Protein chains: 2
Amino acid sequence: MNRLTLINDALAPADQALIHVSDLALQRGYGIFDFFKVINGNPVFLDNHLDRFYRSAARMRLQPVMPADILREKIAELIAANNLIQSGVRITLTGGYSPDGYTISHPNLIVTEQPLNLPTSIHEQGISLITFPYQRQLPDVKTIDYLMAVWLQDKISQAQAADVLYHYDDCITECPRANIFMVTSSNVLITPANNILKGVTRHRVLEIAAGEMKVEERDINKEEIYKAREVFITSTTKHLMPVKLIDGKIIGTGTAGETTRYLCNKYNQSVYGK
Amino acid sequence: MNRLTLINDALAPADQALIHVSDLALQRGYGIFDFFKVINGNPVFLDNHLDRFYRSAARMRLQPVMPADILREKIAELIAANNLIQSGVRITLTGGYSPDGYTISHPNLIVTEQPLNLPTSIHEQGISLITFPYQRQLPDVKTIDYLMAVWLQDKISQAQAADVLYHYDDCITECPRANIFMVTSSNVLITPANNILKGVTRHRVLEIAAGEMKVEERDINKEEIYKAREVFITSTTKHLMPVKLIDGKIIGTGTAGETTRYLCNKYNQSVYGK
């Protein structure tokens, strides 16, 4: 249980991974991160996650501390040292120790690894979502800002739902940590194109679906998704998760649909290499 | 230079004030704070700041670690130990060390003190503001979320402005760290009432103005503020600061107006006890 964390360029015991309180993440909520899974020592879709991490850093004007090839080596070192069977790795980059508590400084890079349980088959029981009007700031950047998401936990559990689905100007966008897809009765796969974080699992699902069915990336109206034949969400840890209820309205037959099932199996195969 | 910081219930040397990377402030930008000034060892408007701090904590479902009377004692201890002539004290309360990196846990309380230069007279040269369409999430809570404000620093300096003024649905609301006031040609003092953080300096200015002039707390249209006779912003560190330009448009005569000057002097007197 002597897990390690990378802080800037040094490995430290995970329980001694500390940063000073003057960091801009703690002072002003300013930072980015990315998160990928590791199966039997192999990072899954690492290129996509690192690409997004460096894009997020650039958009937030944060110097990424080290170039991608060095970061890749450090991550490999961390994974080898921790030797977990399945894990999630989070790479965080903060605004750094700011002399005035406001101006971006030299960032701190923090890479943590935790054990993770991943699904191997489709989750038969779909989940419930409630919608909430909210637009994330800088939605194309994977910032550390989950203030609204954490704040809404109480409302979500009161509604006996699993998560919240944001909408804005009548268009649904995303869950705080997942993208959303719908399937129409004529088997068109639709996912929002705008004002969202483009997830790596979302990208992979779109790749799998291409050529197999009609695919559209466009705005989705709230009324439209209530009438979908199938709805599912995608994320690094959840893979494809069927949605049975949105705002108490049953989606399709209220069970995992045929297209969701097909895409989920294909996705799981690509992750586990079967 | 052996300054101290309070972390939970213990004083630590300021440069050794560390928190673990699993804190929800760093992981998810989840936390609140308040900030007050200290003049010759005396906290200014401490009651108002502590009231707001405990209200912010309750709204964010954070246990405030200790009751207000104990916190007040600890703050007094910190101020006495640091013995600075003029300072700013920041009380931060985070989402705590979260086992899953998402759920609110037992908060961390961090109280830091820094030297501070305060104005003693009106700033003769007013500042420039640029407007930007943005609405802070949970605007009535003093959260640590300044992501947009920090991100906009580049745009602000490119426009050779001092700060940004947020507006939403055509109504101006606030600067990231200051409230805004306007004075009409018939000497009515107006400040936004909704979707803002109600500042302690704002409150004090409204108290001073009451009975001396007509005062309105209501929505202010962007076009309306461009035509104001005087505009100023208020904050704990800036006191009253005249605004000479908004989006490149000259406000009134482009110099500190009579009402601003009057309220600023009265406010400074109440702070310095002259």
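Bear in mind these aren't lab numbers, they're just calculated from the coordinates by the rules spelled out. Please read all numbers here as calculations on a predicted model, not as lab measurements. A quick note on method: Cβ atoms are made from the backbone with ideal geometry, for glycine too, and the neighbour counts reach across all protein chains shown.
Averaged across the residues of A:150-158, what count of C-beta atoms belonging to other chains lies within 10 Å of each residue's C-beta?
Shielding by partners across A:150-158 averages 3.
In the P(r) worked out for segment B:39-91, what percent of Cα pairs fall beyond 19 Å?
29
Take the residue pairs A:Lys155/A:Lys238; B:Lys244/B:Lys266; A:Lys155/B:Lys222; A:Lys198/A:Lys227 and return only those whose Cα atoms are more than 30 Å apart.
Violating the 30 Å Cα-Cα cut-off are A:Lys155/B:Lys222.
Rounded to whole Å and sorted largest first, what semi-axes of the equivalent ellipsoid does the C-alpha gyration tensor of segment A:199-274 yield via the square root of 5 times each eigenvalue?
In descending order the semi-axes read 22, 14, 11 Å.
Taking θ = phi - 60°, what integer Hz values does the Karplus form 6.51 cos²θ - 1.76 cosθ + 1.60 yield along segment B:147-157, in sequence order, with x for Gly and Pro?
Ordered by residue, 3J(HN,Hα) equals 3, 5, 4, 5, 4, 7, 3, 5, 4, 5, 6 Hz.
Given the options B:Val150, B:Val89, B:Val205, which has the most mean-square fluctuation in a GNM of chain B, springs set between C-alpha atoms less than 10 angstrom apart?
Comparing B:Val150, B:Val89, B:Val205 in a Gaussian network model of chain B, the most mobile one is B:Val150.
With n ≥ 4 as the cut-off for DSSP H runs, can you work out [θ] at 222 nm for the protein assembly as shown, using -39500 (n - 2.57) per run divided by the number of residues, rounded to the nearest 500?
-8000 deg cm²/dmol
In nm, what does the list of distances from B:Val215 to its counterparts in the other copies look like, shortest first, when each label sits 7 Å along Cα to Cβ?
Nearest to farthest, the other copies are at 6.0 nm.
Based on the alpha carbons, how large is the Rg to Rh ratio for chain A when Rh follows Kirkwood?
Ratio of gyration radius to Kirkwood radius: 0.98.
Please compute the length gained on full extension between B:Asp154 and B:Thr120, using 0.36 nm multiplied by the number of residues separating them and subtracting their Cα-Cα distance.
Computed gain between B:Asp154 and B:Thr120 is 9.3 nm.
Can you work out the FRET efficiency for the pair B:Glu77 and B:His20, with r the C-beta to C-beta distance and R0 = 35 Å, to the nearest 0.05?
After rounding to 0.05, the efficiency reads 0.90.
Quote the charge dipole size of segment B:4-115 about the Cα centre in Debye, to the nearest 20; the model charges only the Cβ of Lys and Arg (+1) and of Asp and Glu (-1).
Here segment B:4-115 has a charge dipole of around 340 debye.
Return the whole-Å distance between the Cα centroid of segment B:37-73 and the Cα centroid of segment A:1-40.
Using only Cα atoms to place each centre, the spacing works out to 30 Å.
Quick one, can you get me the convex hull of the C-alpha atoms of the protein assembly as shown expressed as volume per residue in Å³?
Cα-based convex hull of the protein assembly as shown, divided per residue, equals 160 Å³.
Report the percentage of all Cα-Cα pairs in segment B:142-243 whose separation exceeds 23 Å, rounded to a whole percent.
23
For segment B:64-167, rounded, prolate or oblate, judged on the Cα gyration tensor with a ≥ b ≥ c (square roots of eigenvalues), a/c < 1.5 rounded, else prolate if a/b > b/c?
oblate
How far apart, in nanometres, would the label points at B:Ala10 and A:Leu138 be if each is projected 7 angstrom from Cα along the Cα-to-Cβ direction?
The modelled label-to-label distance comes out at 3.5 nm.
Hull surface divided by four, with the convex hull built on the Cα atoms of segment A:4-115: how many nm²?
Averaged projected hull area, Cα only: 6.4 nm².
If the label for B:Ala193 sits 7 angstrom from Cα along the Cα-to-Cβ line, what are its distances to the same label in every other copy, in nm to one decimal, shortest first?
Nearest to farthest, the other copies are at 4.3 nm.
Output needed: percent of Cα pairs per 5 Å distance bin for segment A:182-239, bins running from 0 to the one holding the longest distance.
For segment A:182-239, the binned pair fractions read 4, 17, 29, 28, 18, 3 percent.
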